[in-house]
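All remarks here apply to the structure that follows.
Laboratory data are not the source of any read-out in this text; all were calculated from the coordinates shown. This one's a predicted model, so the numbers in the text were calculated from it and none came from an experiment. Using ideal geometry, Cβ is built from the backbone for each residue, glycine included, and neighbour counts are taken over all protein chains shown.
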Amino acid sequence: MPEFAYIARDVGGRKVAGKLSAGTQAEALALLSGQQLFPLSVEADAATVRAGRGRKVKTALLTTFYGQLADLLRSGVPLLRALEVLRKQASQPALVEVLARVQDDVKDGKPLAEAFARHPRVFGDMAVSMVRAGTEGGFLEEALERVAEFTEKQDELRGRTQGALAYPVFLGVVGAAVVAVLLVFFVPKFEGLFARLRQRGELPAMTDWLLAFSGFLRGWWLPLFIVAAALGTWLWMQLKTDAGRLKLDQWKLKIPMVSPIFINFAVARFCRVLGTMLHNGVPILRSLEISASATGNKVLAAAVGKASENISAGQSLAKPLAAGGFFPPAVVEMIAVAEESATLDTVLVRIADGLERRTWRQLDLFVRLLEPLMLLLLALVVLFLAVALLMPVIKMSSAI
């Protein structure tokens, strides 16, 4: 959680300056009001801003760090000594720098969770909340192990997804490059050969269209490139806005055949994060807030947000999740039963495991179907080029 530096006046009119941890500037203002302070200025702490803009640390290194820190603490090594040992053996400069700052903060008397919160690009909200709960509840080692397991699981899921889609993407890029080279460099060589047929009006329509399209690409490649670059930049900027990201997430949930994969992975992430945090003693409202953002989809996050409103009003979690229409009925039923039996944390993790297994089978089947379809499409394009170029040659040979 980031820190904010503030200047305020107390009830006696005296100026007070200090720092506090809050999720947003609005939350910081609310905290000051709760302390009967009247804020004059509230700004993000410069050190926190610099830390937030720092380089990212590899997920595999973070997983190792969490596990080793838990082992050292369980073996009786003091926290400062453990952080120093891990800093010295860290291989990535970014991690060395972050651990040095964390160690300095802990030396100054700050809790480990607060020291982590000053580096939001490295330690996520889930890790910070679980470490805070572990520190307050006396089970920090177990909380760190849980964070390590979760981080490793998410990294493995991300790696498997990227690996599954790597070959189709490579095939699409190579296929597009081959077709572009054929159209720009190979097809124009036949234009002089077919000039006489075109003058007599005997050039086949598909060949005429192919030559015209090739000439268009050669003559307008620079404007086309500029337009494509501008369009890509505009889309990239739109995706950075909340409205653009919301539209993209809505579109993901409507793609035929692919939308169930997006939904199931998002629901699995939600269940795993929520179950892991509840098991480590994080309050349910804070757990729902973090797990909603962990879905990676703003539409599902909004549905979870409505569910958290019901929880704060003393109602159950399952009913508003079912009303959103995104959570599978079987998942909602399992959550409802788990709430009644007070086993929500363990059931949620089991739901995540089952959803991930089923979704992996769906993704694997989709990729297996996608690969031959892309090969078939590439073959059809090459066949079209070959037929369009060979038909005039065969026609001229017959005339001779």
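For ARG9, the residues whose amide H sits under 5 Å from its own are VAL16, PHE38, LEU40, ignoring neighbours fewer than 5 places away on the same chain, with H placed 1.01 Å from N. Counting neighbouring Cβ atoms within 10 Å and putting the fewest first, the residues TRP220, TRP360 line up as TRP220, TRP360. Per-residue Karplus couplings for the range 356-363, computed as 6.51 cos²θ - 1.76 cosθ + 1.60 with θ equal to phi - 60°, are listed in order as 5, 4, 5, 5, 5, 5, 5, 5 Hz, Gly and Pro entered as x.
With neighbour counts taken as other beta-carbon atoms within 10 Å, the residues VAL102, VAL349 rank, fewest first, as VAL349, VAL102.
Once the Cα atoms are used to define both axes, helix 242-252 deviates from the longest principal axis of the chain by about 60 degrees.
The Rg/Rh ratio of the range 59-123, with Rg taken over Cα atoms and Rh as the Kirkwood radius over Cα pairs, comes to 0.92.
In this structure the amide hydrogen of GLU202, modeled in the peptide plane, comes within under 5 Å of no amide hydrogen from residues 5 or more places off or on another chain. If eta is 0.890 mPa s and T is 25 °C, what Stokes-Einstein diffusion coefficient results for the range 284-392, Kirkwood Rh from Cα pairs, in µm²/s? Taking Rh from Cα pairs, D becomes 143 µm²/s.
Going by neighbour counts of Cβ atoms within 10 Å, the residues SER41, SER259 line up, fewest first, as SER41, SER259.
Estimated from helical segments only, the mean residue ellipticity of the chain at 222 nm is -24500 deg cm²/dmol, where each DSSP H run of four or more residues counts as -39500 (n - 2.57). For the range 197-238, which trypsin sites (Lys or Arg not before Pro) are both in a DSSP coil and crowded by at most 11 other Cβ atoms within 10 Å? Hits after loop and neighbour filter: ARG200. Using the Cβ-Cβ distance between SER341 and ARG74 with R0 set to 35 Å, the FRET efficiency works out to roughly 0.65. Tell me, what is the FRET efficiency for ARG218 and ARG196 to the nearest 0.05, using R0 = 22 angstrom and their Cβ-Cβ distance as r? Efficiency, from the Cβ-Cβ distance: 0.55.
What the phi angles of the range 276-288 give under the Karplus curve with 6.51, -1.76 and 1.60, with θ = phi - 60°, is a coupling list of 5, 6, 5, 5, 9, x, 6, x, 5, 5, 5, 5, 5 Hz, glycine and proline written as x. Here the relative contact order of the range 59-123, from alpha carbon pairs under 8 Å that lie six or more residues apart, stands at 21 percent.
Inter-label distance, GLN362 to LYS247: 2.6 nm, where each label sits 7 Å from its Cα along the C-beta direction. When only alpha carbons are used to place a centre, the range 223-252 and the range 302-329 end up 31 Å from one another.
As a rough guide to protection, the peptides 78-88, 239-249, 61-71 ranked by mean Cβ packing within 10 Å, highest first, stand as 61-71, 78-88, 239-249. If you wrap the tightest convex hull around every Cα atom of the range 149-400 and split its volume per residue, you get 155 Å³.
The HN-Hα couplings worked out from phi for the range 195-201 by the Karplus form 6.51 cos²θ - 1.76 cosθ + 1.60 (θ = phi - 60°) are 4, 5, 4, 5, 4, 7, x Hz, whole numbers, x standing for Gly and Pro.
Note on SER316 and VAL387: the extension gain reaches 19.1 nm, defined as 0.36 nm multiplied by sequence separation minus the Cα-Cα distance. Taking the radius of gyration and the Kirkwood hydrodynamic radius from Cα positions alone, what is the Rg/Rh ratio for the range 205-318, to two decimal places? With Rg and the Kirkwood Rh in hand, the quotient comes to 1.28. With r defined as the distance between the Cβ atoms of ILE226 and MET257 and R0 fixed at 30 Å, what FRET efficiency is calculated, to the nearest 0.05? Efficiency, from the Cβ-Cβ distance: 0.30.
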